[in-house]
Amino acid sequence: FPSHDRWIHHIHDYGYKRLFSNVTIFRQLLETFVNEPWVKELDFNSAETVDHSFISEAYRETESDLIYKLKLNEQDVFIYVLLEFQSSVDRFISVRILNYITSLYVSLIKSGQVKDKLPPVFPIMLYNGDAKWTAPESVAETIEYHDVLRSYGIGFQYLKIAENEYSAETLLQIQNIVSTLFLAENHYNVEQLEYELLELFEKEDRTAVNLYRDWE
């Protein structure tokens, strides 16, 4: 049986996946922390979670994943979010994320959902550990003499969102559910968080705010 601390940590981790399974919170993550122009074109009304996980048994205690399917200009796109909870930094995590993405593609092909071309999958790694994230964000950086391979090499890259890289000042300026979550994780101040929660109740979706409150 897991220790009490590990059990508490597991509940915390599960709560993260539950939080970001809420479309309002997921939308805030993308619109606030993904600086890509196509995010504004996403149809979040069409967003649905894919009930599938590609995390291997060896990593189930330190990470979780969440897959969203939604429309971009009437076409299906997928957003793959790896929720990374381990305190140490895995230098080769880009390889694992690539494996998860290709596993998703194989699943889509086997299920008959692909007719001509595969849908785009945008990979996000959301890290809430204490250590500074130092792992390469592209597979190319982990391969010796990758430049020799040129176009035959692997050019895959994920988007890193490391919560501990955002200052309290930056998060307080954003003032939404996701920024308040990051604030609670990295700049814990009870009085400040109570104030922020009251502010959220005034302007945010109540269901999403209640999810965050229950997570706390």
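Here are the numbers for this structure:
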{"read-out": "Share of carbon and sulfur in the accessible heavy-atom surface of segment 104-163 [1.4 Å probe, %]", "value": "52 percent"}
{"read-out": "Principal axis dimensions, segment 66-121 - Cα atoms, whole angstrom, descending", "value": "40, 22, 14"}
{"read-out": "Förster-model FRET efficiency, 35 Å R0, Y152 and I174, C-beta, rounded to 0.05", "value": "0.25"}
{"read-out": "Candidate aspartates and glutamates for bridging to K69, where Cα separation is under 15 Å - those fewer than 8 sequence places away on the same chain excluded", "value": "E41, D43, E48, D51"}
{"read-out": "Identified option (computed mean projected area of the Cα convex hull in nm²; candidates [x] 18.5; [y] 15.6; [z] 14.1)", "value": "[z]"}
{"read-out": "Gain in span if fully extended, E141 to D205, counting 0.36 nm per residue against the direct Cα distance", "value": "18.9 nm"}
{"read-out": "Stokes-Einstein D for segment 28-80, Kirkwood Rh over Cα pairs, 37 °C, 0.692 mPa s (µm²/s)", "value": "263 µm²/s"}
{"read-out": "Cα-Cα over 24 Å, subset of K17/K160; K40/K110; K132/K203; K17/K110; K17/K117", "value": "K40/K110; K132/K203; K17/K110; K17/K117"}
{"read-out": "Rough spin-label spacing in nm, given labels placed 7 Å along Cα→Cβ, for R91 and D214", "value": "4.2 nm"}
{"read-out": "Contour excess over end-to-end distance, with Cα ends at F44 and N73 and 0.36 nm allotted per residue", "value": "9.3 nm"}
{"read-out": "Value at 222 nm in deg cm²/dmol, rounded to 500, when DSSP H runs of n ≥ 4 in the chain each add -39,500 (n - 2.57)", "value": "-13000 deg cm²/dmol"}
{"read-out": "Where only alpha carbons of segment 69-176 are counted, the Rg and the Dmax (Å)", "value": "16.6, 48"}
{"read-out": "Computed magnitude of the charge dipole of the chain (debye, nearest 20; Cβ of K, R +1, Cβ of D, E -1)", "value": "820 debye"}
{"read-out": "Of the trypsin sites (Lys or Arg not before Pro) in segment 77-151, those whose Cβ has at most 12 other Cβ within 10 Å and which sit in DSSP loop", "value": "R91, K115, K117, K132"}
{"read-out": "Other-chain or far-sequence residues with amide H under 5 Å of T62's (modelled H)", "value": "none"}
{"read-out": "Solvent-accessible area per residue, Å², over segment 126-198 with all protein chains present [probe radius 1.4 Å]", "value": "57 Å²"}
{"read-out": "Among F122, F85, N176 - extreme Cα towards positive end, dipole of the chain, charges at beta-carbon", "value": "F122"}
{"read-out": "Share, in percent, of DSSP beta bridges within the chain that are antiparallel, nearest 5", "value": "60 percent"}
{"read-out": "Relative contact order (%) - criterion: Cα under 8 Å, at least six apart; region: the chain", "value": "18 percent"}
{"read-out": "Cα-based Rg and Dmax for segment 103-166, where Dmax is the largest Cα-Cα distance (Å)", "value": "15.8, 43"}
{"read-out": "Area of R18 that stays accessible when all protein chains are in place (1.4 Å probe, Å², to 10)", "value": "120 Å²"}
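The values are calculated or read from the model by the stated rules, or taken from the named source; none is laboratory data. Predicted model, so just to flag it, every value in this text is computed and none were measured. Note that each Cβ is placed from the backbone with ideal geometry, even for glycine, and that neighbours are counted across all protein chains shown. SASA here: full protein model, heavy atoms, side chains in, ligands and nucleic acids out. Shrake-Rupley method; radii C 1.70, N 1.55, O 1.52, S 1.80 Å.
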